[in-house]
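A.B. asks: Structure incoming, see below.
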Amino acid sequence: MNDFLYHAQNKEGIKLSAWVKRGELKDLYLCDSKNGVFVPESIFWGKVQKALPGTGGYFITLPENRVGFLRNSPPLKEGNIILVQTSSYPQPGKQIPLQSKIVIKGKGVIITPGTPGINISKAIADSKKRKELYSLVETVVTRESLEKENVGLILRTSCLSDDHQIKAEIEELMNSYRRIFLSGKPNKPTLVATGPSIHARAERDWQPEEKFKIQDVGEDIDEFGLWDLIIENIGDVVVLENKANLYIEKTQAMIVIDVNSGGIKSKASAKSISLQAAEVIPRELRIRGFGGKVIIDFPSMNQSDKNDVEKCLSLAFKKDNVPTKLAGWTKLGNFELQRKRDRIPVNEILKI
C-alpha cells in the first residue's frame with residue numbers, strides 16, 4: 001500500500017503537508033502565509049548591528065526592517081553586509097535565528113559552500129556503490145573544480161533511489177550556489193533566496209519505505225478527513241498500553257512530557273512503560289511541531305533500566321528527521337533533550 005502525501009491550503013492561508021499511511025499520521029508540516037519569506041533555509045544579505053556582549057552573537061538587520069540573531073560568530077564589524085541563512089523558525093517575540101554557514105539542500109545532494117570536497121553519507125556503506133557515486137559526481141564536478149570554487153557537496157542516502165537524477169540535481173544546486181555567491185554584494189539588506197515551501201520540504205525530506213502517492217487536495221481538506229486526523233493526534237494525552245499514557249505540555253520555556261504508569265508500581269512495569277514512551281516520543285513531538293528544550297519525567301527506575309531507556313530514545317531519535325541532541329538524565333531523574341525548531345507548533349497556527 002502506498003504512503004499518501006497530502007498537500008492542502010485553506011482560504012485563511014494555512015498550508016499543510018501530511019504523510020498518512022493506513023490511516024496513521026506519520027508526519028506533518030503546517031504553516032501560514034504570515035511567515036512570508038522568513039522561513040528556514042532562506043538566504044539574505046544582512047547588515048551587522050551590534051554584538052550581544054558575552055554571547056558571541058550579533059543582531060543582523062534583514063529586509064523589511066526585520067531583525068535576526070546570529071549565534072557563535074567570529075568578530076564582525078558593525079555596518080558590514082554579510083551573507084546569512086535562517087536556521088529555524090523564530091519563537092514568538094524573538095529574533096529570527098540565523099547561521100553564517102550556508103547550506104543548499106536537495107533531495108539527494110547537499111551543497112556546502114566553504115567546505116570543498118565530495119562526501120558520501122556513512123549510511124551508504126557498500127564500497128563498490130560509494131566508488132560508483134564518486135565517479136558519477138565527477139562527471140559533473142571534479143574535486144579540482146570544487147576546490148577552485150570553494151564549495152563541497154554531500155550525497156544523502158536518498159540519492160540511491162532508482163528514479164533519482166543525481167547529475168541533474170547537482171547541476172541545479174551548483175547553479176543556485178553560483179547565483180547566490182557570484183551575484184555581488186549589495187549595499188543594503190537583500191533577500192537572495194527564499195527557503196522551500198512546506199510542500200517542497202515534505203517531498204524532499206520525508207522518505208517512506210514505498211513511493212509517495214502525492215495528492216494536492218487544495219481547499220478540500222475536510223473531504224479527506226485531514227483536519228479530523230490532525231486534531232485526533234495533537235491532544236495533550238497519548239494513550240499507551242496497560243492504561244499508561246503520556247501527558248505533553250508546551251510552556252513558554254520548554255516542552256514537558258510526563259510519562260504516567262497508570263497506577264502500576266512495579267519496577268518491571270515502569271521500565272516497560274518507559275520503553276514504550278521512548279519509542280513514540282519522537283513522533284509525538286514531530287507531528288505537534290514542538291522543538292526547543294524538552295524535559296521528560298519517566299517513572300522511577302534503577303540506573304540499569306535508565307540506561308536501557310536512554311538507548312531506546314537514542315535509536316528512536318536517529319530514525320527521526322528533526323535534529324535532536326540528547327543531554328541525558330538530570331539529578332532529579334528527568335531526561336533532557338534539545339530539539340531544533342524546524343517547524344511552527346501546530347497549536348499556535350490553529351489557535352488551539
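A.B. asks: How many of the residues in region 152-210 are among the acidic types (D, E) and either at pLDDT 90 or above or in contact with a helix residue (DSSP H, G or I) (Cβ under 6 Å, 6 or more places away or on another chain) (or both)?
C.D. replies: 5
A.B. asks: Name the pairs whose Cβ atoms lie under 7 Å apart, with the first residue in region 79-94 and touching a residue at least 60 places away in the same chain (Cβ under 8 Å), the second among the small types (G, A, S) and surrounded by fewer than 19 Cβ atoms within 10 Å (Cβ to Cβ), and 6 or more positions between them or separate chains?
C.D. replies: That search, which allows pairs on different chains as well, returns T86/G195.
A.B. asks: Restricted to region 253-272, and to residues that are touching a Ser or Thr at 6+ places or on another chain (Cβ under 8 Å) and closer than 18 Å to D236 by Cα, which residue is modelled with the highest pLDDT?
C.D. replies: V259
A.B. asks: In addition: Residue under question is L70, and the condition is that it be among the aliphatic types (A, V, I, L, M) and open to solvent by 30 Å² or more (accessible area, probe 1.4 Å); does it hold?
C.D. replies: Here the answer is no, as L70 does not meet what is asked.
A.B. asks: If we keep just the residues of region 232-246 that are touching a residue at least 12 places away in the same chain (Cβ under 8 Å) and open to solvent by less than 90 Å² (accessible area, probe 1.4 Å), which is nearest to K26 (Cα to Cα)?
C.D. replies: Applying the filter and picking the extreme gives N233.
A.B. asks: If I ask for residues that are over 17 Å from D297 (Cα atoms), assigned to a helix (DSSP H, G or I) and not aromatic (F, W, Y), which ones from region 310-336 would you list?
C.D. replies: Hits for region 310-336 are L315, A316, K318.
A.B. asks: Of all residues being without any contact (Cβ under 8 Å) to a residue 24 or more places away in the chain and assigned to a helix (DSSP H, G or I) in region 98-130, which is surrounded by the most Cβ atoms within 10 Å (Cβ to Cβ)? Just the residue, please.
C.D. replies: Filtering first and then ranking leaves R130.
A.B. asks: Determine whether N80 is closer than 21 Å to G184 by Cβ and surrounded by fewer than 16 Cβ atoms within 10 Å (Cβ to Cβ).
C.D. replies: Yes; evaluated as a whole, the condition is true for this residue.
A.B. asks: When you check I295 against the structure, is it at pLDDT 95 or above and outside any helix (DSSP H, G or I), yes or no?
C.D. replies: Against the criterion (at pLDDT 95 or above and outside any helix (DSSP H, G or I)), I295 qualifies.
A.B. asks: Of the residues that sit in region 320-341 and are under 16 Å from K250 (Cα atoms) and among the charged types (D, E, K, R), which one is surrounded by the most Cβ atoms within 10 Å (Cβ to Cβ)?
C.D. replies: R339
A.B. asks: Given the structure, is I257 part of a helix (DSSP H, G or I) and either surrounded by 12 or more Cβ atoms within 10 Å (Cβ to Cβ) or out of contact with any Pro (no Cβ under 9 Å at 6 or more places or on another chain) (or both)?
C.D. replies: So I257 does not fit the description; no.
The values are calculated or read from the model by the stated rules, or taken from the named source; none is laboratory data. This one's a predicted model, so the numbers in the text were calculated from it and none came from an experiment. Glycine also receives a Cβ, built like all others from the backbone with ideal geometry; neighbour counts cover every protein chain displayed. These accessible areas exclude ligands, DNA and RNA; they are computed on the full protein's heavy atoms, side chains included. Shrake-Rupley method; radii C 1.70, N 1.55, O 1.52, S 1.80 Å.
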